1. Label points 7 Å out from Cα along the Cβ direction at residue 9 and residue 96: separation in nm?
2. Between helix 352-376 and the chain, what is the angle of the helix's C-alpha long axis to the longest principal axis, kept within 0 to 90° and rounded to the nearest 10?
3. Work out from phi, with θ = phi - 60° and the Karplus expression 6.51 cos²θ - 1.76 cosθ + 1.60, the ³J(HN,Hα) of each residue of the stretch 155-170, listed in order in whole Hz, and give x for Gly and Pro.
4. How would you rank 221, 157, going from fewest to most other Cβ atoms within 10 Å of each one's own Cβ?
5. Give the lysines whose C-alpha is closer than 20 Å to that of residue 427, dropping any in the same chain fewer than 8 places away, or say none.
6. Over all distinct alpha-carbon pairs, what is the Kirkwood Rh of the chain in angstrom?
7. Taking H placed 1.01 Å from N in the peptide plane, check which residues at least 5 places from residue 44 or on another chain put their amide H under 5 Å from its amide H.
8. Can you work out the FRET efficiency for the pair residue 80 and residue 313, with r the C-beta to C-beta distance and R0 = 51 Å, to the nearest 0.05?
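Laboratory data are not the source of any read-out in this text; all were calculated from the coordinates shown. Everything quoted here is computed from the prediction, not taken from an experiment. Because the Cβ atoms are built from the backbone with ideal geometry, glycine has one as well, and the counts that use them run over all protein chains shown.
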Amino acid sequence: MDTQKVIEEVLKVSFATKALEFGADIMDRIPGLFTKFFPGRKAIVFADKITWKVAGERAFYELAKAGVPATTFIITDDRFHPDWKYVEMIDKVIEQENGILIAVGSGVINDLAKFGAFRHNDQYICVPTVASVDGYTSATAAINDERGAKVSFKCKSPSIIVADSKVLASAPWFLSAAGYGDLASKVTSGAEWMIADLFGTEPIHPAAWSLTQDHLREMLSDPDGVRNGNPETIEALFLGLALAGIGIEVSGGDTRCVSCAEHLYNHYMDMTHHTNNGRPVSHGFQVAIGELTLCAFFDALLEMDLTKIDVDKCVEAWPSLEEEQDRATKIFADFPVPTLGYEEITKKWQPKEEVRVQLEKVKACWPEFREKLRAQVIPFKEMQDLFRRAGAPTTPEEIGLTNADIRKMTDFVQLMRWRINVLDLAKRACFYDELMDKVFGKGGVWEVK
Ligand SMILES: [Zn+2]
């Protein structure tokens, strides 16, 4: 993969991104970029105690050396969340200095900077220190509002990203492994998008597809390099994560190109405050287990012959909206957000005539469509091996769950977002129970004992 070529393509399609700098030892590019895009302004190097040492101090030094006026804002707390008190502190420093933030850090620092810049109708420079999530380039920031509730605020993506592969590769391996899990989720979410495209509910957006899928296999091809902190591998990993956010941007803020059912396992765990040995589990590790589950569903699906679907029988069995709402209400009765399933299935449910068209389509094109899906997905065993080598979790137990927990979550996952996923295909074509049995039954990869 030619990183520079990929970047050129990105800059052609992205409105928000003005510069994407990738390479080893490139912190000295910061002053030049700063004066080019923000002439006459003052830089505020924003970091925490750790990221200051990792790259903040170097950024500050480079700015000073080049004669760019600069100051610092460093969060000195050992542990911190994107709390409102920091939002207020950042507001103050931006206003006092009339400065441009250079966010040196991981997700929280980046989200606080993104939100701060947006509140001042300004831009910021992102200097990531870990390739752990795909949120850096997204146009949203996860912030705890004044009441302490986690809110995803609409903001603007960073206009300039300086991704120094040596900095990224110096992060602890398990953070990069989490990023690897998050990136790998684009494998099955892509396959589920193909199903939604076939069903006519969410057509594939060619530019967003191209950004998130064209180089995906290559970016996942060196799990050992992720585990060993190989700068080139981590650079490719970060590029993949950055492209995810840009894919969302070019598809008008739609996250369809980067997430589907595999991320809903993570949503479930987030909403139920899942912990492992009392500690929260990273986004990427939760997604990795969701991704493996989806790989197993696709393995089972690809063994099936959907040319044999009895369309009349399936349409006959298709439940009414009220029946689906009742089912969702029962399943979600003890869930922290008990109305979620009801609301989402109300958006997702389609009448019998539409389901008939979808089933006829899938039945007619199954031989070719199956091969397309086969080319898109990675078999469970192969994905599990990639995760093992990268240092990402390979079984539910590794994140404090049982196979039975994953089975239970799956019924929620099918209902908790309006977006069409592989489980909806299974529901429509009446093989949901069979699919569950193949994965969670005797001899299945997540066998419930
Ligand atoms: Zn994610």
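1. Taking the two extended label points, one gets 4.5 nm.
2. 60 degrees
3. Listing the rounded values in order: 9, 10, 5, x, 7, 10, 10, 10, 9, 8, 4, 6, 5, 4, 6, 8 Hz.
4. 221, 157
5. 308, 313, 330, 347, 348, 352, 361, 363, 408, 438
6. 22.8 Å
7. The answer is 71, 100, 101, 102.
8. That pair, residue 80 with residue 313, gives E of 0.35.
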